[in-house]
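To start, the structure itself, in structure tokens.
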Amino acid sequence: MEFAKKIVDSTEEIFNTMIFMDISTDGCMSEGQEILFSNVSAMIGLSGNFTAMLSLHCSGYIAMEIAGAMLGMELEEIDADVKDALGEIANMIAGGIKERFASEDIKLELAIPTTVSGKSYSISSPTRSNRVIIPFDLVQGQFFVEMKYSLN
């Protein structure tokens, strides 16, 4: 199903056309490097021909940089604007993935995005689910797009 390629293509499209930040990636993280240290995570569920949770994870600093670029303003704290912007970015990436799967006649629906922030939290999913994590590099640092999915 080429999950990684769809994640990369959708993320690059959103960052190039909506956020105007240059990003790059070397592809999926290698096995055994799946622990992500982040202060902000934006998540959105997908359901239909398969079920999934798409997440964007980053440090607070990177969250403010990305949200600031999207909103065209300088941000100094992780506030509602940052959380809303990151949730909308996760929504747009998931929408791009949905569109790419639709071209293969795979139907998906999106849930409402949710953003969490803090100094110590963990996100878990059923052990039987599959996981793809793509690290993306910006001039300012790194963020991760993760998809946990189960085939129906």
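The values are calculated or read from the model by the stated rules, or taken from the named source; none is laboratory data. Predicted model only: the values in this text are computed from it and were never measured. Here the Cβ is made from the backbone with ideal geometry for all residues, glycine too, and neighbour counts use every protein chain on show.
Contact annotation: residue pairs with Cβ atoms under 7 Å, 6 or more positions apart or on different chains, pairing a residue in region 8-31 that is touching a residue at least 12 places away in the same chain (Cβ under 8 Å) and more than 17 Å from Ile97 (Cα to Cα) with a partner that is of a type in the set (Phe, Trp, Tyr) and part of a helix (DSSP H, G or I), are Met21/Phe15; Ile23/Phe15. None of Ser41, Ser55, Ser47 is assigned to a strand (DSSP E or B), touching an Asp or Glu at 6+ places or on another chain (Cβ under 7 Å) and surrounded by 15 or more Cβ atoms within 10 Å (Cβ to Cβ) except Ser55. Scanning region 1-19 for residues that are out of contact with any strand residue (DSSP E or B) (no Cβ under 8 Å at 6 or more places or on another chain) and of a type in the set (Ser, Thr, Tyr), we see that the one that is modelled with the highest pLDDT is Ser10. Within region 66-111, being under 24 Å from Gly48 (Cα atoms), surrounded by 13 or more Cβ atoms within 10 Å (Cβ to Cβ) and basic (Lys, Arg) holds for Lys98, Arg100. Among the conditions (1) among the polar types (S, T, N, Q); (2) farther than 20 Å from Thr11 by Cα; (3) without any contact (Cβ under 8 Å) to a residue 60 or more places away in the chain, the only one that Asn49 does not satisfy is (3). Of the listed requirements (1) modelled with pLDDT under 95; (2) under 21 Å from Met21 (Cα atoms); (3) outside any strand (DSSP E or B), Glu146 misses just one: (3).
Residues that are outside any loop (DSSP other than H, G, I, E, B) and closer than 11 Å to Asn39 by Cβ within region 61-83 comprise Tyr61, Ile62, Ala63, Met64, Val82, listed in sequence order.
For region 68-89, check the following and say yes or no: at least one residue is out of contact with any His (no Cβ under 6 Å at 6 or more places or on another chain), within 24 Å of Tyr149 (Cβ to Cβ), hydrophobic (A, V, I, L, M, F, W, C) and in contact (Cβ under 8 Å) with a residue 60 or more places away in the chain. Yes - at least one qualifying residue is present in region 68-89. The residue list Val116, Val132 contains one member that is within 24 Å of Gly27 (Cβ to Cβ), outside any helix (DSSP H, G or I) and touching a residue at least 60 places away in the same chain (Cβ under 8 Å), which is Val132. Annotation: of all residues in region 21-70 being among the charged types (D, E, K, R) and within 24 Å of Lys119 (Cβ to Cβ), the one that is modelled with the highest pLDDT is Glu65. The test for being within 15 Å of Ile7 (Cβ to Cβ) and part of a strand (DSSP E or B) does not hold for Met92. Arg100 satisfies every condition listed in (1) within 16 Å of Ile7 (Cβ to Cβ); (2) of a type outside the set (A, V, I, L, M, F, W, C); (3) touching an Asp or Glu at 6+ places or on another chain (Cβ under 8 Å); (4) assigned to a strand (DSSP E or B) except (4).
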